[in-house]
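The values are calculated or read from the model by the stated rules, or taken from the named source; none is laboratory data. Note that the structure is predicted; figures quoted are calculated from it, not measured. Positions of Cβ are generated from backbone atoms using ideal geometry, with glycine treated the same way; all protein chains shown enter the neighbour counts.
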Amino acid sequence: MKKSVQILIVIGLLCAINRLSYAQTAKATISNDSKLIISKHIYGQFAEHLGRGIYDGFWVDKNMPVKKQDRIRLDIVEALKKIKIPNLRWPGGCFADEYHWRDGIGPRLSRPKMVNTNWGGVVEDNSFGTHEFLQLCNLLGCEPYISGNVGSGTVQEMSNWIEYLNFDGTSPMTAMRAQNGHPKPYNVTFWGVGNESWGCGGNMTPEYYSNEFRRYAAFAKNYPNATLKKIATGPSDADYNWTESLMKNVGTRMWGLALHHYTLPTGDWKDKGSATKFTREDYFKTMQNTLKMEELVTKHSAIMDKYDPNKKVALVVDEWGIWTNVEPGTNPGFLFQQNSLRDALIAGTNLNIFNNHCERVKMACLAQAVNVLQSLILTKKEKMVLTPTYHIFDMYKVHQDARLLPIKLDAPDFEMNGQKIPAINASASQDAAGKIHISFVNIDATKAIEVKADMGDMKWDTVDGQILTSANLTDINTFENPNKLKIAAFSGAKKSGNNVIVTLPAHSVVVLELK
Ligand code: AHR
């Protein structure tokens, strides 16, 4: 072959390779013109009396060989402090509507036992009650978020609980609190008026619950230094009628409206799919289901806007995350599941959605913190594992209380069997020190994507980053190999003019810091 022909072939090949690598490119435009703050409370957590969440999770046997304060595990506390969890929701969930708070105060040995009908029918010994929970929040440095019992409780019971927690004067409730070792009020402000009142919390219609909310809320009193942020049971998934009714009948009497949306890999409650054994098709479907959160938040917010154009009522996504079949061999009522790289991509995606909707979404709680559903932490006796989801909360903590920088993405799709979802999602913010953070999730299972992010007129000189990824989507951290997935330094971003050029590896989460 002539040399000139050979040269032409080589040039042709180079062009093809060039075209291939540029086939996966995206553009991001980041703007500086927003005053909205991403509330730190979007990064909240949930701990229910369910399975090994509280008992044998946060609260362990006095003989367990780990560092403890009372019976609270301090290794868990330290890990959660590191990621700055801002709030903890308790005691449920469905459990909240069968919980009677007086059973959980006073000398532990004389506390009555009860059956936990929702979760495995196990005996609840009430050793972890109000004071233990508030001691835990104090150690974590986070705000308590308590869900009161509307389903099987009374208005007086809830009203007394609030007085017990927050009143600083003389009353039978405050005398009892002092007798139980806490003369000073706790000043709890996040207050759930029931949970899933359309289901396990009482099977109510939205109209009936609206009236119940108004009645319970009337006796949920504000005490000095403790103005309640009352959070109503909100819709499940796409129940827009529930939102419409609550906004119409309750409106700004509530501080927040709770939305619950779980990501089911198969979309089927009877067989949700495995946490660790899934195909690329299963993965695609799971991500499609998790991205539904964008539509839910957008549509529920639009209904809220009709009644509350000034956005006084918060959308509180106080249960979210992936819900799979339980780990084989574990109690089906305990909801114990493993946590893979897929979970990390789900966490990053949902947090990006909440950040971008921070004008309406002012609070969210992942379900759940320890040993239940999409956990941050898994434990086995004295061993503890930080899950991939934990690492995402660690990487994203930089967004807490930072100013939103709205981001526009022009990105390719991730395609599977003729269906498409956006391959990339992202959010950006600027913290009080002026540092800019951009969090990207590349959902695409096989392709790296180069993003050119236009930073407009924002001033910055250097870019650093962190990444979480792994060879396989099914990779997990185990008690034997707890650091298979961990945060690594990321050097795939550079400055070009005032653009950031970043190459996001397939199935990865990257957080950049520009300063
Ligand atoms: O998080 C597990 C359960 O899911 C909660 O108890 C309930 O509110 C929801 O249905």
Completion exercise
Note: among T243, T263, T286, just one is under 20 Å from W198 (Cα atoms), in contact with a Pro (Cβ under 9 Å, 6 or more places away or on another chain), of a type in the set (S, T, N, Q) and in contact (Cβ under 8 Å) with a residue 60 or more places away in the chain, namely T243
Completion exercise
M458 passes all but one of the listed conditions (1) within 28 Å of the chain's Cα centre (by Cα); (2) touching a residue at least 60 places away in the same chain (Cβ under 8 Å); the exception is number (1)
Exercise for the section: Taking D103 as the residue in question, decide whether it is of a type in the set (D, E, K, R), away from the ligand (no atom under 16 Å from the Cβ) and under 23 Å from L88 (Cα atoms). Expected result: yes
Problem - Residue check for A471: among the hydrophobic types (A, V, I, L, M, F, W, C), within 22 Å of F278 (Cβ to Cβ) and either touching a helix residue (DSSP H, G or I) at 6+ places or on another chain (Cβ under 6 Å) or touching a residue at least 60 places away in the same chain (Cβ under 8 Å) (or both) - result: no
Exercise for the section: Would you confirm whether any residue within the stretch 75-97 is farther than 19 Å from S375 by Cα, assigned by TED's automatic domain parsing to the domain that holds H357, modelled with pLDDT of 95 or more and over 25 Å from the mean Cα position of the chain (by Cα)? Expected result: no
Practice task
Kindly check whether there is at least one residue in the stretch 160-168 that is in the same structural domain as A367 (by TED's automatic domain parsing), crowded, with 22+ Cβ neighbours inside 10 Å, under 30 Å from the mean Cα position of the chain (by Cα) and not in a helix (DSSP H, G or I).
Solution key: no
Problem - Hits in the stretch 32-79 (condition: within 16 Å of the ligand (Cβ to nearest atom) and not in a loop (DSSP other than H, G, I, E, B)) - result: G44, Q45, F46, Y55
Exercise for the section: Return only the number of the condition from (1) within 17 Å of A367 (Cβ to Cβ); (2) touching a Leu at 6+ places or on another chain (Cβ under 9 Å); (3) in contact (Cβ under 8 Å) with a residue 60 or more places away in the chain that W90 does not satisfy. Expected result: (3)
Practice task
Could you tell me whether M173 is free of Cβ contacts under 8 Å to residues at least 24 places away in the same chain, hydrophobic (A, V, I, L, M, F, W, C) and assigned to a helix (DSSP H, G or I)?
Solution key: yes
